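Asks: Structure provided below as structure tokens; questions to follow.
The values are calculated or read from the model by the stated rules, or taken from the named source; none is laboratory data. Everything numeric here is computed off the predicted structure, so don't read it as measured data. All Cβ positions, glycine included, derive from the backbone under ideal geometry; neighbour counts span all protein chains shown.
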Amino acid sequence: MVNQQAYDTKIAPVLQTLPAKPGVYLMKDVTGRIIYVGKAVSLRNRVRSYFHDPSGLYARTRQLVMETADLEYIVTQTELEALILECTLIKKHRPRFNVRLKDDKNYLYIKIDVQNPWPRIFTTRRMLQDGARYFGPFASSQSVRETLDLLRKLFPYITCEREITGQDKRPCLYYYIHRCLGPCIGKATPEEYRLVIDGVIRFLEGKQEKVVADLRERMTMAAESLKFERAATYRDQLQAIERVTAKQKVLSSRLVDQDVIALARANSDACVEVFFIRGGKLTGREHFALEGTQGSDDGEVLRSFVQQFYDSAPQVPPEIILPADLDEMRVIEEWLHSKRGTKVSFTVPRRGAKRELVQMASENAAEALAQLRAQWLADAQKTGSALVELQEQLNLPTMPLRIECYDISNIAGTSAVGSMVVFEKGVPKNSDYRRFQIKTVAGTNDYAMLQEVLRRRFKRQRKSEVASPKSQVLSPQSEVAGPERGDEAAPADTWAILPDLLIVDGGKGQLSAAREVMVELGVDHIPTVGLAKEHEELFAPGSPEPIVLPRTSQSLYLVQRIRDEAHRFALAYHQRLRQARGLRSALDDVPGIGPKRKAAMLKRFGSVKGIREASVEELAAVPGMTRVLAEKVKEYL
């Protein structure tokens, strides 16, 4: 049954005003958190159907209705706009009743900054509209490493951070082992290097035959021009690519580009396997875990995956092969058409070669899901027992499913930073990690620094809690409001989540300092402990004696792991700040050297040591420098 009070005061008035237009609806629980996002051709018909006869609903939908305490909706011009907005809101809010990609913020892309005169290749977790070429997403960092390792063997692209002037006296090691053309010493022109990058792009696009044909033509031209060394380089590159492409399985005699998608499910777990077929060959594959699939049929799960995956995919093939029909297939085809610029069609084969491709992908999806479930089960068994032990040992009111840990790192009060790490269900939640640069504490005072960090953290929680969700007006054409920026940048709803247990790195002193701030801000109901390093003892408020967890218990291993992660996270940030300040201060005393010239020299020579070892002539050759300034730099360094 729906919450009658919430239905009468909030839901019923919204149901009476629903228009018969396309749009997106948001269902919220009693805390105001969005628990489901849906789209509709007619908002009036779709949303009202939830509240007519609950007996006719699936169990999962009945549970959704029971937990719904408020409704909002956004009207769009077309069903296509509703689909795009639905996808955006699901990615932003990750409602627990929606099917969603697991850890989608951690997916990696390969980025090629083609707008640069000397393009370089990076990995990134964000795809921007910056003119660069992106390839992915890759579900694991191992997939990216393997791809980059292969690219480095096949194409001599730049991997160093040097500024390419063509005037360096000597190249790096990669030039001598034929992994770089040596543009830094003038051995390659921008046009010649661009041909290498074009080869990388074609290879990642699956156009290996075109790459081979181009290399063979360049090898012939170089030989005819008596450039035998360059011809030999092309020959070696050509042979390496041919060896790689020979291993790729030919799946179609037609030179077609296709994605084959298959789904495997077991209880509440689900995994999707994607085969990337380019030019008739299997050029790659990835598997993706899904959350929130319980109670949803395969069509709904596949639809959600296709929406979220291709919303983040840089390339969309002309044909996508599926194991079953999608819900709202026509609208999704229209959306993908708008993304690709040409027609995109879905195929659900019943027999023949394409059906065999789906079966092959399905077998791989089932295998991937079995491996993932084995990993999850192993982790769940250990962390589950650790959380139960921790609740018993610390006499906690609930199981500590969300644990936050804080640490401070500094040397004599300089470059002081704080860290906040978050573990959910015993595993790190990296997306919720936060760093704090200490702003108000001078000198060495770890207690005051810890208090500043906690004060800022819980003030942000209070702001997030007070902020009204209705203050953000969304339209199909507008972007969803992004996170605030700063050294603690995070979505507001992330700050609003309170931990079930708070750990501070330290003993009674740190614990007392933390509790003082928590009482001040009204969050002293959160269970808090201090973990002292020396004897691995836990100190709790009001307890004169430390709590000693069994030395071989999973609960001790868990809190040690959380504490060590907080220390690692804080120390890494502290070292980065200290190094950056050290680099700046060494050049600050040189008259006439401002931020731009310092940046140019550091970019050119890599470090203060490199600047110190450079000659006056080399320093003077840096853009913005003169011989007089170069002599001053040598004098001061």
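Asks: Go through the residues of region 491-513 one by one and say whether even a single one is in a helix (DSSP H, G or I), within 24 Å of GLU452 (Cβ to Cβ) and among the hydroxyl-bearing types (Ser, Thr, Tyr). Please lay out each step first, then the result.
Replies: Of region 491-513, the ones in a helix (DSSP H, G or I) are 492-496, 508-513.
Then drop every residue that is not within 24 Å of GLU452 (Cβ to Cβ), which leaves 492-496, 508-513.
Retained after the next criterion (residues that are among the hydroxyl-bearing types (Ser, Thr, Tyr)): 494, 512.
The answer is yes; a qualifying residue exists.
Asks: If I filter region 315-346 down to residues being under 14 Å from ILE84 (Cβ atoms) and over 27 Å from the mean Cα position of the chain (by Cα), which single residue comes out as surrounded by the fewest Cβ atoms within 10 Å (Cβ to Cβ)?
Replies: The extreme case among them is GLU334.
Asks: Restricting attention to region 100-114, does a residue exist that is among the β-branched types (Val, Ile, Thr), at pLDDT 85 or above, under 23 Å from the mean Cα position of the chain (by Cα) and not in a loop (DSSP other than H, G, I, E, B)? First the steps, then the outcome.
Replies: So the first thing to find is which residues in region 100-114 are among the β-branched types (Val, Ile, Thr), and the list is 110, 112, 114.
Those still in the list that are at pLDDT 85 or above too: 110, 112, 114.
Cutting the leftovers down to under 23 Å from the mean Cα position of the chain (by Cα) gives us 110, 112, 114.
With not in a loop (DSSP other than H, G, I, E, B) added as a condition, the list becomes 110, 112.
Yes, that holds for at least one residue.
Listed here are the residues, each with its yes/no results for (1) modelled with pLDDT of 85 or more; (2) touching a His at 6+ places or on another chain (Cβ under 7 Å); (3) part of a loop (DSSP other than H, G, I, E, B); (4) not assigned by TED's automatic domain parsing to the domain that holds GLN315.
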{"position": "PRO137", "(1), (2), (3), (4)": "no, no, no, yes"}
{"position": "GLN142", "(1), (2), (3), (4)": "no, no, no, yes"}
{"position": "ARG145", "(1), (2), (3), (4)": "no, no, no, yes"}
{"position": "LEU151", "(1), (2), (3), (4)": "no, no, no, yes"}
{"position": "THR159", "(1), (2), (3), (4)": "yes, no, yes, yes"}
{"position": "THR165", "(1), (2), (3), (4)": "yes, no, yes, yes"}
{"position": "LYS169", "(1), (2), (3), (4)": "yes, no, yes, yes"}
{"position": "ARG179", "(1), (2), (3), (4)": "no, no, yes, yes"}
{"position": "CYS184", "(1), (2), (3), (4)": "yes, no, no, yes"}
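Asks: Looking only at helices (runs of 4 or more DSSP H) that fall completely inside region 1-96, which ones have 3 or more residues that are surrounded by 20 or more Cβ atoms within 10 Å (Cβ to Cβ) and among the aliphatic types (A, V, I, L, M)? Before the answer, list the steps.
Replies: Values: elements: 12-17, 43-48, 59-67, 79-93.
Here the list reads 79-93.
Asks: Identify all residues within region 597-637 that are over 25 Å from CYS160 (Cα atoms) and outside any helix (DSSP H, G or I); write none if there are none.
Replies: Of everything in region 597-637, those that are over 25 Å from CYS160 (Cα atoms) and outside any helix (DSSP H, G or I) turn out to be THR626, LEU637.
Asks: Turning to a different aspect of this structure: In region 114-139, which residues are touching a residue at least 60 places away in the same chain (Cβ under 8 Å), surrounded by fewer than 19 Cβ atoms within 10 Å (Cβ to Cβ) and out of contact with any Phe, Trp or Tyr (no Cβ under 7 Å at 6 or more places or on another chain)?
Replies: VAL114, PRO117 - these are the residues of region 114-139 that are touching a residue at least 60 places away in the same chain (Cβ under 8 Å), surrounded by fewer than 19 Cβ atoms within 10 Å (Cβ to Cβ) and out of contact with any Phe, Trp or Tyr (no Cβ under 7 Å at 6 or more places or on another chain).
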